[in-house]
Each structure stands twice: as structure tokens, then as C-alpha cells.
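Trainee: Okay, handing you the structure first.
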Amino acid sequence: MDQLTPKQTEELRSLLQFNKNKLEQQLLDAESATGVVTLDQSSVGRVSRMDAMQQQSMAVSTRTKAEASLRKILKALKRMDLEDFGYCGQCDEPIPFNRLKVQPEASHCLKCQDQQESL
Ligand SMILES: [Zn+2]
């Protein structure tokens, strides 16, 4: 299978950077959302406090997901620096560019990914 050209790698790098910035912004937003409950605790009634708590738990799950994605992206960028990017972590085959364009942080080829998910 084909290895990535330097141009393709650069394209994926900017994609990763873009996603990284987006997630970091999301995390900042989630952080301010989780602050709501403690800030307004004395002034809000019971019902709106429930609302606020619901919002908070949603914000927490958004944050958890964003953090997980961000970790993957940071790892992918690190692999790029080590020139180990674009290879499957399991079978060591090059990961097709088309797959990386959709999911630049992917660390496994489709075949191995499927295997992992079916375990
Ligand atoms: Zn593989």
C-alpha cells in the first residue's frame, strides 16, 4: 500500500491542528458551563437548580468526550513529529490517506480497528 506523501502529511497535520483548536475551545466552553451550578446556587430555585445540574452533567460528558479526542489528536501529532505517523499500531501497514482524511487521529487501519471493536 502507498505511504503518505509529505504533502498529504502536511494536509493531515493542519486538519489535526484545526480539530485540536476546536476541541480546546469546546473544553473552555464546557469549563464555564460546569461553573454555573456553584456560582448560582444561592440565587436559583429548586427547579432551575435541577436544570443547571442537568446542564452540568451534559457539559461534563461533552468535556470527557472532547478530552478523549484531544488526547488522540495530540498522540497523532506526536507520531507525526517522530515520523511514525500513518502506520497501523497493530499490523504496521500504512493507513490509507482516504481513511486519515476522515479520521486523521486514527492509529489503526480499518481491519485492526474492526477487530478491536468486536473484541
Ligand atoms: Zn492494521
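Trainee: Is there a residue being under 16 Å from the mean Cα position of the chain (by Cα), within 14 Å of the ligand (Cβ to nearest atom) and not in a helix (DSSP H, G or I) anywhere in region 84-94?
Mentor: no
Trainee: Could you tell me which of the residues Met58, Met50, Met80 is under 23 Å from the mean Cα position of the chain (by Cα) and modelled with pLDDT under 90?
Mentor: Met58
Trainee: Sticking with this structure for a sec: Can you pull out the residues in region 1-17 that are small (Gly, Ala, Ser) and part of a loop (DSSP other than H, G, I, E, B)?
Mentor: Passing the criteria: none in range.
Trainee: Being under 30 Å from Gly86 (Cα atoms), at pLDDT below 90 and out of contact with any Lys or Arg (no Cβ under 9 Å at 6 or more places or on another chain): is that true of Gln17 here?
Mentor: no
The values are calculated or read from the model by the stated rules, or taken from the named source; none is laboratory data. Given the structure is predicted, the values throughout are model-derived calculations rather than measurements. FYI the Cβ positions are ideal-geometry reconstructions off the backbone, even for glycines, and counts take in every protein chain you see.
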